[in-house]
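Take a look at the structure below.
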Amino acid sequence: MYVAVKGGETAIANAHRLLADRRRGDRALPAMTVAQIVEQLGLAVDRVMAEASLYDRALAALAVKQARGDIIEAIFLLRAYRTTLPRFGYSVPVETGDMLVERRVSATYKDLPGGQLLGPTFDYTHRLLDPSLLEDDAVEEPSLRDGDAEPVIRVSDILAAEGLIESDGDMAADHLPGDLTREPMEFPMPRDLRLQSLARGDEGFLLALAYSTQRGYGRNHPFVGEIRIGDVEIDLDVPELGFAVSIGDIQVTECQMVNQFKGSAKAPPQFTRGYGLVFGQSERKAMAMSLVDRALRADEFGEDRTAPAQDEEFVISHADNVQATGFVEHLKLPHYVDFQAELGLVRKMRADFEAAHNDLIDRLSDAAE
């Protein structure tokens, strides 16, 4: 079927050289380094890490550079590399309540323990192009304050203390967390696997679904309970030692969305939750993830599933941008045999149509005579 591809090795090699040339650009300009991408295009690096499910800033930056800034191609590259790595253990669940917080905002309480920490954010910028960035102008040092040693209480914990919000994802005592990268996808899917899929799902797709829930396509009336960004410690169970050891810190973004309340004959009305957690600083993704998570929990609350964002199979099956890219871009490959078969079929159908049409004209003419 793909005979033409077999004979195109020289053309493919030339295309690769042209791609490398376009990637390098004007030789009169200094080449962009991986370190520059890590430090100055950090949000792009964070997205690549999150959707490739591999926390390594240098490798993510290398993928961004290799992909010429095509984020989905960079995710594809990094995820492909990830499949070559050995799996030697699983970390224990991170405790985001112990996060070293850099940014923490809530839309539900103005004054809350620990305060609001704006951190680095575009939220209050004027969205005007800054001509000073055309040159390497000096940048002011930021104003920093000393952190507190006390853990920053989560807004959801404040509500839970009064019984005003559902419990935080209770699972059966014998439940073992799944691994989406090693187990075949089956529906219905437990929430832990759904969250894994959403965490590595395409930000734009999840954002569109989250937006749809705000426009009536899903029973959702959310408040941002809290968004927090910071470093969490990763502990790994070591069977030989009998206890977990710290292997380092990673930066994550966590979003707890407070949603419509629910009650029953056995429980008083209380708020429900949506949850998002992603690598790096990625608030838009964490918020979208939390909104879609809540929409996908419709069955838990006896809600009718009437909208795309509530359809688990639709959401999970289409959220992965690497799969979506492969399926769409394979259309560029030769499909000569398929097309020629359909072309022959259309020609035959047209010939049959013309013959039937001419026969009808002849019969009408005979009838008129």
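The values are calculated or read from the model by the stated rules, or taken from the named source; none is laboratory data. These figures come from a predicted structure and were not determined experimentally. Cβ atoms come from the backbone with ideal geometry, glycine included; neighbour counts cover every protein chain shown. What goes into the accessible areas is simple: the full protein's heavy atoms, side chains included, and nothing from ligands, DNA or RNA. Shrake-Rupley method; radii C 1.70, N 1.55, O 1.52, S 1.80 Å.
Structure notes:
- Taking the listed residues Asp137, Asp111, Asp123, the one that is open to solvent by 90 Å² or more (accessible area, probe 1.4 Å), farther than 15 Å from Cys255 by Cα and either among the charged types (D, E, K, R) or touching a helix residue (DSSP H, G or I) at 6+ places or on another chain (Cβ under 8 Å) (or both) is Asp111, with no other qualifying.
- Region 93-138 - residue that is within 29 Å of Gln260 (Cβ to Cβ) and acidic (Asp, Glu) and, of those, farthest from the chain's Cα centre (by Cα): Asp111
- When each of Asp168, Asp146, Asp231 is tested for being at pLDDT 95 or above, within 29 Å of Gln116 (Cα to Cα) and not aliphatic (A, V, I, L, M), the lone residue that passes is Asp231.
- Considering residues of region 255-288 that are in contact with a Pro (Cβ under 9 Å, 6 or more places away or on another chain) and more than 20 Å from Thr108 (Cα to Cα) only, the residue modelled with the lowest pLDDT: Gly263
- Residues that are open to solvent by 30 Å² or more (accessible area, probe 1.4 Å) and among the aliphatic types (A, V, I, L, M) within region 45-68 comprise Ala58, Leu59, Leu62, listed in sequence order.
- Unmet criterion (only one of (1) closer than 23 Å to Ile229 by Cα; (2) open to solvent by 80 Å² or more (accessible area, probe 1.4 Å); (3) in a loop (DSSP other than H, G, I, E, B)) for Arg87: (1)
- Residue among Asp293, Asp338 that alone is open to solvent by less than 100 Å² (accessible area, probe 1.4 Å), out of contact with any helix residue (DSSP H, G or I) (no Cβ under 8 Å at 6 or more places or on another chain) and of a type in the set (Asp, Glu): Asp338
- Residues that are among the β-branched types (Val, Ile, Thr) and farther than 24 Å from Gly8 by Cβ were ranked within region 334-369; the one that is modelled with the lowest pLDDT is Ile361.
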